[in-house]
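Comments concern the structure below.
The values are calculated or read from the model by the stated rules, or taken from the named source; none is laboratory data. No experiment lies behind these values; they were computed from the predicted model shown. Ideal geometry is used to build each Cβ from the backbone, glycine not excepted, and the neighbour counts take in all protein chains shown.
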Amino acid sequence: MDTKSRDFPTCPGRGQDTKSVNLHFPKLSISGTYDLRILLSRLGITKVFSNGADLSGITEKSPLSLSQALHKAVLTLDKKEIVTSGATKWEENALSKAPTLQFNRPFLLIVKDEYTNFPLFGAKVVNPIQK
């Protein structure tokens with residue numbers, strides 16, 4: 001996936017000064033499936049998986065309990081352009097070129113919420129040039 005240029009803070013977390021960078025991501029698809037029953041049990045949420053569960057607020061069928069709870073996340077990067085919002089406040093010299101950052105070796109990928117900065121998805125890409 002290529003993007004023409006993207007602005008990044010020169011001091012991560014401060015977001016005041018930005019530089020343009022040409023990004024080149026490989027085409028990739030990452031997915032993961034997680035058993036939420038284990039995670040919910042660690043949080044003390046177990047009754048929903050037993051015969052004593054009260055799910056009358058979401059269904060009229062009674063008695064009803066969950067046998068499993070799964071979460072699947074998929075992230076796909078392809079050759080389409082990423083659209084972002086923001087404005088560049090720099091005027092670049094015609095002779096200067098933005099540096100290129102090519103993700104052609106192992107890297108960590110974190111997708112964060114733009115407003116809260118909370119991580120939504122994380123992945124380790126081991127071989128980005130593998131087809």
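Things to note:
- Search result, residues across the range 100-112 that are in contact with a Leu (Cβ under 6 Å, 6 or more places away or on another chain) and either loosely packed, with under 10 Cβ neighbours inside 10 Å or under 15 Å from Ser29 (Cα atoms) (or both): Val111
- Single unsatisfied condition, Ile82 versus (1) within 31 Å of the chain's Cα centre (by Cα); (2) surrounded by fewer than 10 Cβ atoms within 10 Å (Cβ to Cβ); (3) modelled with pLDDT under 85: (2)
- In the range 43-71, the residue that is nearest to Thr33 (Cα to Cα) out of those that are within 29 Å of the chain's Cα centre (by Cα) and assigned to a loop (DSSP other than H, G, I, E, B) is Ala69.
To keep it simple, each residue is scored yes or no on (1) in contact with a strand residue (DSSP E or B) (Cβ under 8 Å, 6 or more places away or on another chain); (2) at pLDDT below 80.
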residue: Met1; (1), (2): yes, yes
residue: Leu23; (1), (2): yes, yes
residue: Thr33; (1), (2): yes, no
residue: Arg37; (1), (2): no, no
residue: Phe49; (1), (2): no, no
residue: Ser62; (1), (2): no, yes
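- Taking first residues from the range 29-52 that are within 30 Å of Asp78 (Cα to Cα) and small (Gly, Ala, Ser) and partners that are loosely packed, with under 12 Cβ neighbours inside 10 Å and modelled with pLDDT under 85, the Cβ contacts under 6 Å between residues at least 6 apart in sequence or on separate chains come to Ser29/Thr76; Ser31/Val74.
- Restricted to the range 88-131, the set of strands (runs of 3 or more DSSP E) holding at least 2 residues that are touching a strand residue (DSSP E or B) at 6+ places or on another chain (Cβ under 7 Å) and modelled with pLDDT of 85 or more comprises 107-112, 119-125.
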